[in-house]
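Asker: The structure is given below, and queries will be raised subsequently.
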């Protein structure tokens, strides 16, 4: 499985939209359906959900998920977090209108921290503030919302990526402005940041959700990073007969080493004794 940059991810989305073909709003709906199915699979008895949506396409995903949960007779509180007079992305605005058409009520608009709702401990929160395109720390109402969610004690499901987390290198990020998710449901392919130990406190348990991105677009995408999955390994595993010799099926090469600090310490110790 490939691990792609933000730029390459955008390319495969665009390829799918053009070659399938499918409108971007319909691709968002397909992603939201896959996300909702998995949220309900993981929480079959949960009836009440709190959804936080941002002004971009990740927010559009969240608003679509909120609507689909409502179709399933779940109670949903929906909050749209924006700066004053901020323009929504086209698909986010479409899903805002679809929510209002379904419920007959406006989404709760949050522009200042004093408007943030109370979140009871143990509540189920869906984080749809921002997606993988973020490349600088969150500020203003967005940072306040993240901190509000993180201190609530809620169970948090991040859509695609925890809001505020950069998709690759986070050395210049502000950890106080990153969602600490319980679970992350990432779309189609994992992000590079998921494979760094220091980010596990933000991602929680993550899994990949297939949204049927065009396979040719994925095949063409350029990357030097791959994630080995069961599907990759399965064709390499041959059927064993009861009395086959262990060498019949080849050999395994294991390349390993101790942590760099331990290696340096052992070299220093040997040098000292010498």
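Asker: Is it the case that region 171-184 has a residue that's part of a helix (DSSP H, G or I), at pLDDT 95 or above, closer than 21 Å to residue 81 by Cα and touching a helix residue (DSSP H, G or I) at 6+ places or on another chain (Cβ under 7 Å)? Full working, then the answer.
Answerer: Kept after step one, since they are part of a helix (DSSP H, G or I), are these residues of region 171-184: 175-177.
Cutting the leftovers down to at pLDDT 95 or above gives us 175-177.
Filter again for closer than 21 Å to residue 81 by Cα, leaving 175-177.
When the remaining residues are screened for being touching a helix residue (DSSP H, G or I) at 6+ places or on another chain (Cβ under 7 Å), the result is 176-177.
Yes, some residue in region 171-184 is part of a helix (DSSP H, G or I), at pLDDT 95 or above, closer than 21 Å to residue 81 by Cα and touching a helix residue (DSSP H, G or I) at 6+ places or on another chain (Cβ under 7 Å).
Asker: Check every one of the helices (runs of 4 or more DSSP H) wholly within region 9-128 and list those with 3 or more residues that are crowded, with 22+ Cβ neighbours inside 10 Å and under 18 Å from the mean Cα position of the chain (by Cα). Give the steps one after another, and end with the answer.
Answerer: On the way: elements: 24-42, 57-71, 90-103.
Where helices (runs of 4 or more DSSP H) fall fully within region 9-128 and carry at least 3 residues being crowded, with 22+ Cβ neighbours inside 10 Å and under 18 Å from the mean Cα position of the chain (by Cα), they are 24-42, 57-71.
Asker: For region 187-205, give me the residue count where each residue is surrounded by fewer than 20 Cβ atoms within 10 Å (Cβ to Cβ) and free of Cβ contacts under 8 Å to residues at least 40 places away in the same chain.
Answerer: 6
Asker: Answer yes or no as to whether residue 181 is within 18 Å of the chain's Cα centre (by Cα), within 19 Å of residue 29 (Cα to Cα), touching a residue at least 40 places away in the same chain (Cβ under 8 Å) and surrounded by 21 or more Cβ atoms within 10 Å (Cβ to Cβ).
Answerer: Taking the combined requirement at face value, the residue does not satisfy it.
Asker: Could you look through region 195-236, keep only residues that are within 29 Å of residue 23 (Cα to Cα) and in a helix (DSSP H, G or I), and pick out the one that is nearest to the chain's Cα centre (by Cα)?
Answerer: Looking at the filtered set, the residue picked out is 218.
Asker: Oh, and also: Within region 139-162, which residues are in a loop (DSSP other than H, G, I, E, B) and either at pLDDT below 95 or surrounded by fewer than 24 Cβ atoms within 10 Å (Cβ to Cβ) (or both)?
Answerer: Residues of region 139-162 that are in a loop (DSSP other than H, G, I, E, B), as a first pass: 139, 151-154, 160-162.
Correct list: 139, 151, 152, 153, 154.
Asker: Hey, does region 42-56 have a residue that's without any contact (Cβ under 8 Å) to a residue 60 or more places away in the chain and closer than 28 Å to residue 192 by Cα?
Answerer: First, pick out the residues of region 42-56 that are without any contact (Cβ under 8 Å) to a residue 60 or more places away in the chain: 44-45, 47, 55.
Checking the rest, the ones that are also closer than 28 Å to residue 192 by Cα come to 55.
Looking through region 42-56, at least one residue is without any contact (Cβ under 8 Å) to a residue 60 or more places away in the chain and closer than 28 Å to residue 192 by Cα.
Asker: Regarding region 105-117, can at least one residue be identified that is in contact (Cβ under 8 Å) with a residue 40 or more places away in the chain and under 18 Å from residue 177 (Cβ atoms)?
Answerer: Filtering region 105-117 for residues in contact (Cβ under 8 Å) with a residue 40 or more places away in the chain gives 107, 117.
In the following step, the residues that additionally are under 18 Å from residue 177 (Cβ atoms) were identified as none.
No, every residue in region 105-117 fails to be in contact (Cβ under 8 Å) with a residue 40 or more places away in the chain and under 18 Å from residue 177 (Cβ atoms).
Asker: Can you pull out every residue in region 65-95 that is in contact with a strand residue (DSSP E or B) (Cβ under 9 Å, 6 or more places away or on another chain) and either without any contact (Cβ under 8 Å) to a residue 40 or more places away in the chain or outside the structural domain of residue 34 (by TED's automatic domain parsing) (or both)?
Answerer: Pass one, region 65-95, residues in contact with a strand residue (DSSP E or B) (Cβ under 9 Å, 6 or more places away or on another chain): 65-67, 69-70, 74-82, 88, 92, 95.
The answer is 67, 69, 70, 74, 75, 76, 78, 79, 80, 88, 92.
The values are calculated or read from the model by the stated rules, or taken from the named source; none is laboratory data. A quick note: this is a predicted structure, and the numbers were derived from the prediction, not measured. Positions of Cβ are generated from backbone atoms using ideal geometry, with glycine treated the same way; all protein chains shown enter the neighbour counts.
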